[in-house]
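Data first, discussion second: the structure below is written as structure tokens.
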Amino acid sequence: MNIKVRIREAEEGGFWAEVPALPGCVSQGETLDETLANVREAITGWLDADVAPPEPGRGERVLELAF
């Protein structure tokens, strides 16, 4: 799976990253390599987050898709 990450230089130094396809998935680091490692960890955490089970009687389903 490929995920696009937007990396920007932070005004106070270092870098910060955001993942547009994953709302709220952001990270930062002092170096580009550290930022990339940190955002990989953030993506993994975001994708592994637990999803609340569907409420009975509402016709909802939770599915897991592999890409």
## Note on the structure
Burial-style ranking of 15-23, 40-48, average other-beta-carbon count within 10 Å with highest first, yields 15-23, 40-48
### Message
Apply the Karplus curve 6.51 cos²θ - 1.76 cosθ + 1.60, θ = phi - 60°, to the phi angles in the stretch 53-66 and return the couplings in whole Hz, x for Gly and Pro.
### Response
x, x, 6, x, x, 9, x, 8, 9, 10, 10, 10, 10, 9
## Note on the structure
Computed, not fitted: 222 nm per-residue ellipticity of the chain from DSSP H runs ≥ 4 (each -39500 (n - 2.57)), nearest 500, equal to -8500 deg cm²/dmol
## Note on the structure
Expressed in nanometres to one decimal, the distance between label points 7 Å along Cα→Cβ at residue 66 and residue 46 is 2.3
### Task
Mind checking the per residue accessible area of the chain for me, 1.4 Å probe, whole number of Å²?
86
### Summary
Phi-derived 3J(HN,Hα) across the stretch 10-22 with the Karplus relation (6.51, -1.76, 1.60, θ = phi - 60°), rounded Hz, x for Gly and Pro, is 7, 4, 8, x, x, 9, 9, 10, 9, 10, x, 6, 10
### Query
What are the extents of the Cα atoms of the chain along their three principal axes, listed from largest to smallest and rounded to whole Å?
51, 23, 15
### Query
Relative to the first principal axis of the alpha-carbon coordinates of the chain, what is the inclination of helix 32-48, with its axis defined by its Cα atoms, in degrees from 0 to 90 and to the nearest 10?
10
### Task
Could you please report the charge total around residue 64, scoring K, R as +1 and D, E as -1 over all other residues with beta-carbon less than 13 angstrom from its beta-carbon?
-1
## Note on the structure
For the chain, the accessible surface attributable to carbon and sulfur atoms (probe 1.4 angstrom, ligands and nucleic acids excluded) amounts in percent to 50
### Query
Cβ under 15 Å from residue 52's Cβ, residue 52 left aside: what net charge do those residues give with Lys, Arg +1 and Asp, Glu -1?
-3
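The values are calculated or read from the model by the stated rules, or taken from the named source; none is laboratory data. These numbers were taken from a predicted model, which means no experiment stands behind them. For neighbour counting, all protein chains shown are included, and Cβ atoms are generated from backbone atoms with ideal geometry for every residue, glycine included. What goes into the accessible areas is simple: the full protein's heavy atoms, side chains included, and nothing from ligands, DNA or RNA. Shrake-Rupley method; radii C 1.70, N 1.55, O 1.52, S 1.80 Å.
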